[in-house]
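The values are calculated or read from the model by the stated rules, or taken from the named source; none is laboratory data. All values derive from a computational prediction rather than experimental measurement. Note that each Cβ is placed from the backbone with ideal geometry, even for glycine, and that neighbours are counted across all protein chains shown.
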Amino acid sequence: MTSLLAKLGFAEGVRAWVYPQSIGGRFQRLHRISGVILLAILLGVPWIRIGGYPLLQADIPGRRLYAFGAIYTASDTVLVLILSLSLAFALFFFTSLFGRLWCGYACPQTVFLEELIRPIEMFFEGDRNARMKRDAGPLTTDRVLRRLGKWVVFALVAVIGAASFVGYFTDAKLIWTLRAGSTSYAFTGVMAAIAFLDFAWFREQFCIYLCPYARFQGVMTDDHTLQITYETGRGEPRGGADAKVDGRCVACNLCVNVCPTGIDIRDGYQLECIGCARCIDACDHVMEKLGHPGLIVYGTEAEARGEVRSLLRPRPLVYGGLITALAVSAVLVLRAHVSFEAELSRSPGSTFVLDDDDTIRNTYLLTIGNNDPRPGADPYTVTVEGLPGAQVIAPPMQLGTSEDRTIPVVVRLPRDRGVARTIPFQFRITGPHDARLLAATFMTPGRGADEEHDHHEHD
């Protein structure tokens, strides 16, 4: 039990809290830019609409996905699968080249903590040394009020973030005007509670122990992958009277103080490193004042051995090839995508009917769902192919966006005693922008049927 607590960041049952010190620099400016963009996407996209429909929303009860002016349904699951695999392999591809770029600059955990939570914490409790001193002191009214104020704002951020995320599954306007369903608010509450727990307490423990990315990233990287590294050859031995003159590590420990996961990058590459580059900015801040380049850099193990970094390696090539294949597949699927769904079934209770005018009648049920987001009612017509001389009887149909309807369709064919018992053919359903073909079969009495079968309905 003691070893488990130690692994989870506890010492004798007490949380070993990490107090990252604030730091500026070129990579932190890059953090700020990427963070603002990603937060704007999270908060803003649910409110953007194209033709009256969301820019991006997964309507799970309606089994529809609204994406960039198009509507996709369950019949487009293969496209969703292709896009999901493309994103996964894109993550693998960029990881093989640039390491934990996702963790350091795009992960929601990093974005919320670095761009919102840590600034809020600094506003209420100050920087690293002030927080450490206050937490080590007695439980005063000032300390309690500061902590409560911080937690109230954390809770507000958690609720806003959770509601914004749920806005990708439910109309954002309904959520914020308190008109959404109970399920939406239940999910919002659960996600907000989890987010608040993460902001207020769990933090780096998620990156170190729960995030699966840290566990499998080792199989995606090699000696040529860009990582944050400490240049041991220039930095060691640490400290000493001549360190400032020689450009060696002056043992200021600022790189450790700013690390959000509490590691010492000088000990070598570690899974706990999320690639945020705070240690690079910290080291540059110190060493530039001494007239020397920083000792912590983005580099590769190959470059540390004096080799030239290579981009043409098995992992990036394989991942890049898979992404290319998936992209081509996505384009082909998108080109084959039509703006409506159509399903066909035979009318229950009968196969064929011999009518009084010596024709054979088959009845089908046709369901059409309009997925065209453009406003207005779209007309649909039904014809058949591969059944010469057939008469098609179907009521006229006009459907608005996201509307579906089932209609009976009758196909009549002059009787021919030499006809096959089962004739394959196709229904052609034509909409305003594209068409779909549905396979069907036309049932008949078969070859050599007796006259007594005339005018007789077969069940």
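Give, as residue ranges, the strands (runs of 3 or more DSSP E) completely inside the stretch 384-431 that count at least 1 residues that are within 17 Å of S347 (Cα to Cα) and in contact with a strand residue (DSSP E or B) (Cβ under 8 Å, 6 or more places away or on another chain).
Answer list for the stretch 384-431: 391-393, 404-414, 422-430.
Taking into account only those residues within the stretch 332-347 that are among the polar types (S, T, N, Q) and out of contact with any Gly (no Cβ under 7 Å at 6 or more places or on another chain), which is surrounded by the most Cβ atoms within 10 Å (Cβ to Cβ)?
Taking the candidates together, the pick is S347.
Against the condition more than 22 Å from the chain's Cα centre (by Cα) and either of a type in the set (V, I, T) or crowded, with 18+ Cβ neighbours inside 10 Å (or both), how does I120 come out, does it pass?
Answer is yes for this residue.
Kindly establish whether Y53 is more than 16 Å from the chain's Cα centre (by Cα) and aromatic (F, W, Y).
So Y53 passes the test.
Specify which of the listed residues (G262, G189, G235) is in contact (Cβ under 8 Å) with a residue 12 or more places away in the chain and at positive phi.
G262
Here is a yes/no grid of residues against (1) polar (S, T, N, Q); (2) out of contact with any strand residue (DSSP E or B) (no Cβ under 8 Å at 6 or more places or on another chain); (3) under 30 Å from G446 (Cα atoms); (4) surrounded by fewer than 18 Cβ atoms within 10 Å (Cβ to Cβ):
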| position | (1), (2), (3), (4) |
| --- | --- |
| G291 | no, yes, no, yes |
| L295 | no, no, no, no |
| E307 | no, yes, no, yes |
| L317 | no, yes, no, yes |
| I323 | no, yes, no, no |
| A330 | no, yes, no, yes |
| G349 | no, yes, yes, yes |
| D358 | no, no, yes, yes |
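Quick check on the stretch 394-401. Is at least one of its residues buried (at least 18 other Cβ atoms within 10 Å of the Cβ), more than 25 Å from G376 (Cβ to Cβ) and modelled with pLDDT of 90 or more?
No - not one qualifying residue is present in the stretch 394-401.
Among the helices (runs of 4 or more DSSP H) lying completely within the stretch 91-140, list those that include at least 2 residues that are assigned by TED's automatic domain parsing to the domain that holds A200, touching a residue at least 40 places away in the same chain (Cβ under 8 Å) and in contact with an Asp or Glu (Cβ under 9 Å, 6 or more places away or on another chain).
Result: 108-112, 128-136.
Which condition from (1) buried (at least 20 other Cβ atoms within 10 Å of the Cβ); (2) touching a residue at least 24 places away in the same chain (Cβ under 8 Å) is the one that I175 breaks?
In the conditions (1) buried (at least 20 other Cβ atoms within 10 Å of the Cβ); (2) touching a residue at least 24 places away in the same chain (Cβ under 8 Å), I175 misses (2) alone.
Which one is surrounded by the most Cβ atoms within 10 Å (Cβ to Cβ), of the residues in the stretch 41-72 that are part of a helix (DSSP H, G or I) and touching a Phe, Trp or Tyr at 6+ places or on another chain (Cβ under 8 Å)?
P46
Among all residue pairs at least 6 apart or on different chains, which show Cβ distances below 7 Å where the first residue, located in the stretch 273-293, is within 12 Å of R26 (Cα to Cα) and the second is hydroxyl-bearing (S, T, Y) and not in a loop (DSSP other than H, G, I, E, B)?
Taking only residues 6 or more apart or on different chains, the pairs are C276/T110.
Every residue in the stretch 19-40 that is surrounded by 13 or more Cβ atoms within 10 Å (Cβ to Cβ) and among the β-branched types (V, I, T), please.
Matches in the stretch 19-40: I23 only.
Being more than 13 Å from F123 (Cβ to Cβ), surrounded by fewer than 16 Cβ atoms within 10 Å (Cβ to Cβ) and not aliphatic (A, V, I, L, M) is the filter here, so list the residues in the stretch 134-150 that pass it.
Passing the criteria: D135, G137, P138, T140, T141, D142, R143.
Which residue pairs have Cβ atoms closer than 6 Å, lie 6 or more positions apart in sequence or on different chains, and pair a first residue in the stretch 209-232 that is surrounded by 19 or more Cβ atoms within 10 Å (Cβ to Cβ) with a second residue that is basic (K, R) and part of a loop (DSSP other than H, G, I, E, B)?
Note: pairs meeting the criteria are H224/R309; H224/R313.
Is it the case that the stretch 244-253 has a residue that's out of contact with any Leu (no Cβ under 9 Å at 6 or more places or on another chain) and crowded, with 18+ Cβ neighbours inside 10 Å?
no
Hey, can you tell me all the residues within the stretch 359-407 that are out of contact with any Gly (no Cβ under 9 Å at 6 or more places or on another chain) and among the aliphatic types (A, V, I, L, M)?
Those that are out of contact with any Gly (no Cβ under 9 Å at 6 or more places or on another chain) and among the aliphatic types (A, V, I, L, M): I360, L365, L366, V382, V384, L387, A390, V392, I393, A394, M397, I407.
Tell me, which residue of the stretch 240-259 that is among the small types (G, A, S) and in a loop (DSSP other than H, G, I, E, B) is farthest from the chain's Cα centre (by Cα)?
Here the residue is A241.
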